[in-house]
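Have a look at the structure below, then the notes.
Here, each number is a calculation from the coordinates, and none is a lab measurement. Fair warning: this is a prediction, and the values are worked out from it, not measured in the lab. Note: ideal-geometry Cβ built from the backbone for every residue, glycine included; neighbour counts use all protein chains shown.
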Amino acid sequence: MFDAVVFDLLTALLDLWSVWNRAARSEENGLRWRGAYLGLTYGCGAYRPYEDLVREAAGLAGLPMVVADALTEGWDDLQPWPEARGELRRLVDRGIPLAVATNCSIALGRKVAESVGVPFTAVVTAEEAGFYKPRPEPYRAVLKMLGTEPARTLFVAGSPADIPGANGVGMPVFWHNRAGLPFVADQARPFLIADTLEPLRDLV
């Protein structure tokens, strides 16, 4: 069905939530902090440094600045979801180009993309694109690097914001909804929702 697959890196492929919650010292703090961060990210317009947004969000969530340092220090602890490497290696073995579009800095994005353990044809960060998703620029940048048509390029979302973002440039979306978040119906709909990456084997 598809010529290439693009992934949201930090939640579709990697367990960012656990690292975020450990840095925040509790799940409750982590959720409040991440909510503040997402509000800043989606509303900031042109790219502002990822690390600055993380620190600013900590303050908005009433957390000490040391949690932001703990998150950066814990970046090496990010792990792929258990089935991720196997599913992606199967696609690589079949010659399917894989790519990443991620909302973080170049340095952090490159570092954790390597931790997935499979080769990516393209890795596009918000810093390179000049804007954060769900703005169209990151999706268009990764499509340009792949040289594929949007309708033939599957986007695997990790968060609901990527659904209208990727749909908006013509990419079909599979929402890997690991956390079991509720789907709020709007004009943009994923064609599939699952709590595992295993459906990839039937899609690509």
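Here's how it looks for Phe131: its modeled amide H is under 5 Å from those of Tyr47, which are all 5 or more places away or on a different chain.
Dipole of the chain, Cα-centred, from +1 at each Lys and Arg C-beta and -1 at each Asp and Glu C-beta, to the nearest 20 debye?
It comes to approximately 280 debye.
In this rough spin-label picture, where each label sits 7 Å from Cα along the Cβ direction, the Arg90-Arg22 distance is 2.9 nm. Once C-alpha pairs closer than 8 Å and six or more residues apart are averaged by separation and normalised to the residue number of the stretch 46-147, the relative contact order reads 28 percent. Helix 106-115 axis versus longest C-alpha principal axis of the chain: approximately 60°, rounded to the nearest ten.
Placing dummy labels 7 Å off each Cα toward the beta-carbon, the span from Leu38 to Arg189 is 2.2 nm. Contact order, relative form, for the chain: 25 percent (alpha carbon pairs under 8 Å, 6 or more residues apart, mean separation divided by residue count). With the convex hull of its Cα atoms as the shape, the chain has an orientation-averaged projected area of 10.1 nm². Go through Ala194, Thr125, Asn167 and say which Cα lies farthest out towards the positive end of the charge dipole of the chain; charges sit on Cβ, +1 for Lys and Arg, -1 for Asp and Glu. Final value for the positive-end residue is Asn167. Placing +1 on the Cβ of every Lys and Arg and -1 on the Cβ of every Asp and Glu, with nothing else charged, gives the stretch 16-77 a dipole about its Cα centre of roughly 220 debye. Working from label points 7 Å from Cα in the Cα-to-Cβ sense, the Glu51 to Ser115 distance is 1.6 nm. Taking the charge dipole of the stretch 1-123 about its Cα centre, with +1 at Lys and Arg Cβ atoms and -1 at Asp and Glu Cβ atoms, the residue from Ala12, Ser115, Met1 reaching farthest to the positive side is Met1.
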